[in-house]
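What follows is a set of notes on a single structure, which appears directly below.
Every read-out reported here was derived from the displayed coordinates using simple, explicitly stated rules and does not represent laboratory data. Quick caveat: nothing in here was measured; it's all calculated off a predicted structure. Cβ placement follows ideal geometry from the backbone for every residue including glycine, while neighbour counts extend to all protein chains displayed.
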Amino acid sequence: MHDWQDTGIVLSARLFGETDVILECLTTDHGRAAGLVKGGASRKRRADFEVGNHLSLHWRARLQDQLGSFAVESLHTPSAHVLDDRAALLALQYVCTLSRVLPEREPKANVYEALAVLTRSLGGEGAWPALVVRYELGVLASMGYGLDLSECAGGGDDDLAYVSPRTGRAVSRDQGRPYHDKLLPLPPFLLASQIAPTPEDIEAGFQLSGFFLGRRLYASVHQPIPDIRHSFLQAWQEKTAASS
Amino acid sequence: MSYRPPSAAPGSSSATSQPQAMTDLVRLLSRLPGLGPRSARRAVLHLLKNQDSLMHPLMTALDQVAATVSKCERCGALDETSPCQICTAPNRDHSRICVVRDMGDLWALERAGAHKGGYHVLGGLLSALDGIGPDKLFIEPLLQRVSDVEEVILALPASVEGQTTAHYLGDRLRAAGVATITRLAYGAPVGGDLEFLDDGTLAIALKSRQAV
């Protein structure tokens, strides 16, 4: 008998038959993992399996390769806190959909931590959309498509302002000026976490991450970027416009 | 496409002396919600034992439902007529429409007897995961019928998919000029003990608190 215990964040829950659920979670030490939850479709338990919820998991299977079954306990329910906020609700579904591109059973502790922080921050007062941008770039990096924002690719100074769409490397303002219409703008909040992002910076961040998600990550799995990203961005832009 | 039973596995019921017609019926019944192969077999045996009192009336009823029940062209509810009885009832307040996910929810609200207006059955919820977009739901007919409606009540589940659908409908209905768009309250159920409520329900109940 193989088993492990871990904490996880619900990425999807699909009905299996009438009473059971196949649960897919991003776990701390076991990466993206799936398992059957017996009786998971019951009215009492259904709410635990909303996307983004944090669970304590105990996975068991006779053989390592089997789907296995989960015994679960609810730890935290971020989904309940965002039901009123359309942008946050869509963001929650989007980041969980995005996390499903991660390989199965390959530990991604950093991605898990980032998703845990992000799901707890959604809908709050802080600049949580900036965390969505960071999460997207984190997923890209964990899949081998990370951007190199450490120095200018053209040997310029530290005033980094662009990213090359071809290499994903940063370019300094001076070096990039002649090619500015071909380069992607690099928002300053991605260079230092203490810089508070403006809505324009976050917008530039989404353009940057969206470009590499489409051209690198989703192209590699022959899929388009999920529609829900577009819905989320639209809802966030409307919310930003209404509040300004 | 006509139903074609799959070939029988060794040791399955059809490999025994059970007639093929019965095997087919058991297979079909076992696809119904709440029934598995064993309970379907029991149901078939029960039907065969009570042919006059149960099997023949059931056949007639099934025939009748299949021939007469269809989706209402206005609200999407199932009825023998289209527009349905709710849509044509003169004693209902048709300036208030309650939007529900499916017929089960409509029946639940009717049992409660708290809503005396019209309904609109969406036939599901938006789901990014399952690829269900607005075009797969009964949304356009709703937008076409709200021109003279005072209030639309979004009675959708307090789940991620339910509220995503509610937000989407809210935007579309606002653009269509509906004056009042409301949703059901979130929170503790009647008779619910706070101690046994999950933290999500408690949090949302606290958020939606009202002055006493």
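Figures for the structure shown
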item: Computed helical MRE - 222 nm, chain A, DSSP H runs ≥ 4 contributing -39500 (n - 2.57), nearest 500; result: -10500 deg cm²/dmol
item: Peptide-level mean, for B:161-168, of C-beta atoms on other protein chains within 10 Å; result: 5
item: Cα-based Rg of chain A normalised by 2.2 N^0.38 Å, two decimals; result: 1.10
item: Separation of the A:F211 and A:A242 label points, Cα + 7 Å toward Cβ, nm; result: 3.1
item: Antiparallel bridges, percent of DSSP beta bridges restricted to the protein assembly as shown (to nearest 5); result: 70
item: Burial ranking of peptide ranges A:110-123, A:62-75 (average Cβ count within 10 Å, highest at the top); result: A:110-123, A:62-75
item: Peptides ranked, highest mean first, by Cβ atoms within 10 Å: ranges B:78-91, A:37-50, B:119-132; result: B:119-132, A:37-50, B:78-91
item: Average other protein chain Cβ within 10 Å of Cβ, residues A:81-90; result: 5
item: Loop trypsin sites (Lys or Arg not before Pro), segment B:25-54, which have at most 13 other Cβ atoms in a 10 Å radius of their Cβ (DSSP); result: B:R31
item: Cut-off 19 Å (backbone N to label point 7 Å along Cα→Cβ of B:S82), residues of segment B:137-163; result: B:137-146
item: Relative contact order, percent, chain B [alpha-carbon distance under 8 Å, six or more residues apart]; result: 12
item: Bridge type composition, chain B - antiparallel percent by DSSP, nearest 5; result: 20
item: Average other protein chain Cβ within 10 Å of Cβ, residues B:44-54; result: 0
item: Distance in nm between pseudo-label sites at A:Q5 and B:A89 (7 Å out along the Cβ direction from Cα); result: 5.4
item: Most to least packed among A:235-243, B:134-142 [average Cβ atoms within 10 Å]; result: B:134-142, A:235-243
